[in-house]
Every structure is written in structure tokens, then in C-alpha cells.
């Protein structure tokens, strides 16, 4: 989740893998760090259901397609830090050696749904 992103996105290659059909399109540009603005582009809108890891909660969200969500992010490997976080009820799921790409980004538009 990223509350700094106003919208939620899905990587275009994942759309193809899941054989999703668009529910519509949106044309938008983005404000960038430093005050820049991206060129206007059309994005497919896809409705998907996401659920909690324990499968006790699910909700439908609208995602806009994007060729790439972001670059690779380093994983946390500090076991002491992970233990401290877990003792406070914070469980990270993206730990370990591999750094798979982020293929879905849930933004501020869906944060209130969880």
C-alpha cells in the first residue's frame, strides 16, 4: 500500500497473465516530484477482488494499468528488526532473498476500505 499514490495500479503484464477485461478507460497525467507533470496517457481500468492474507476480508478495487509500477526494492533481512515488528503485530510479507517486482500498488483511493 502507498498512501502517497492517489490511485491504485496493476502492471500491464499481470493484466495479460490474468486475462482481465477492462471495465473502462481513464485519461490522466501525474504530478511528479519536483513539480513536473507526466504526459497525458490513457489507462485501462480493471476491477479485481483483493483479500487479506487470512482470507477473512475481501473487497473489490479499481486498478489502472501501468507498464511498470516501480523499480526493485531491497528486502529487509535483519531478523532482530523482523522479530521486533512481529512482537508489535506488524508482519511483513515481502522478506527474503528474492526481490520480485511490485505488480499491484494499492493507493490512497482504497486505503479506507481495509
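In the distance distribution for the chain, Cα-Cα pairs more than 21 Å apart total 48 percent. Residues 27, 15 in ascending order of nearby Cβ atoms (within 10 Å, fewest first): 27, 15. Could you list the residues of segment 82-114 with an amide nitrogen less than 16 Å from a label point located 7 Å from the Cα of residue 52 in the Cα-to-C-beta direction? Flagged as within label range: 89-93, 111-114. Each DSSP beta bridge with both residues in the chain is either parallel or antiparallel, and the antiparallel ones are about 80%. Between residue 108 and residue 12, full extension at 0.36 nm per residue minus the direct alpha carbon distance yields a gain of 32.5 nm. Can you tell which of 74, 52, 87 shows the greatest fluctuation in a Gaussian network model of the chain with Cα springs below 10 Å? Most flexible of the set in this elastic network: 87.
Computed from the coordinates by the stated procedures, all read-outs in this text should not be read as laboratory data. All values reported here derive from a predicted model rather than from experimental measurement. Using ideal geometry, Cβ is built from the backbone for each residue, glycine included, and neighbour counts are taken over all protein chains shown.
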